[in-house]
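Each remark here refers to the structure printed beneath this line.
The values are calculated or read from the model by the stated rules, or taken from the named source; none is laboratory data. Keep in mind that what you see is a predicted model, and the values were worked out from it rather than measured. Every residue, glycine as well, gets a Cβ built from its backbone with ideal geometry; the counts of neighbours run over all protein chains shown.
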Amino acid sequence: MDDTTMASPVVPAAAVKQRADARRNRRRILAAAREQFGEQGLDVQMEQIARAAGVGVGTVYRHFPAKEDLLQALADERFVWFAEKAREAIDDPDPWNGFREFMRESGRVTAEDRALSEAMDQLPGLCTAAAEKVRLHELSRELIERAQASGAMRADFSADDVPSLMRGLARATATHGGGAPAMSWERYLEIMLAGLRA
């Protein structure tokens, strides 16, 4: 039988609409979760996210059976963005500037996203899994090796040190109970970068 005689499966319009609705609901849940976790931290309940997304709590659990699944999806999105920034930094003709800008962008997002900063501190395994999916360790290593080869970065720093630095930044700039952070992320990062210069 040749390909021209094989009939394509007919997908009912209702099934297509259902899939489109499911994708739309997933996007709404993720957007609401990022906002709720970002404002209130990791203690937000699934019911609050459902209300903010305008869906039933059952819909949230169909997409994300546990809160950890939802947090993992949010972390995965963030780490895709981190990987994109790392690739942009690798393309910078000035290796030190590329590394510095990558760290500045990463620091800014970590400080502004309460859920991410708390996850880095309290759920490091979740962030490690997200980083592995986008090969962030390899990208960080390339950034660091370029800066070291240029003579701008101290030779004893490695990609294995980056997660600890980011967790330190997350702790130092965390807000507790809505108060001001113990230290501005910009100051923390500048001190950290000064220590990495050759």
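Overview of values
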| read-out | value |
| --- | --- |
| Extreme residue, nearest to the chain's Cα centre (by Cα), among residues of the stretch 32-50 that are surrounded by fewer than 13 Cβ atoms within 10 Å (Cβ to Cβ) and closer than 17 Å to P65 by Cα | D43 |
| Lone unmet requirement of (1) over 16 Å from G98 (Cα atoms); (2) of a type in the set (V, I, T); (3) modelled with pLDDT of 85 or more for I144 | (1) |
| Hits in the stretch 143-171 - residues which are surrounded by fewer than 17 Cβ atoms within 10 Å (Cβ to Cβ) and in a helix (DSSP H, G or I) | E145, A149, A159, D160, D161, S164, G168, R171 |
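Conditions tested, residue by residue: (1) touching a strand residue (DSSP E or B) at 6+ places or on another chain (Cβ under 8 Å); (2) polar (S, T, N, Q); (3) under 20 Å from T128 (Cα atoms).
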position: E39; (1), (2), (3): no, no, no
position: A52; (1), (2), (3): no, no, no
position: D76; (1), (2), (3): no, no, yes
position: N97; (1), (2), (3): no, yes, no
position: E105; (1), (2), (3): no, no, yes
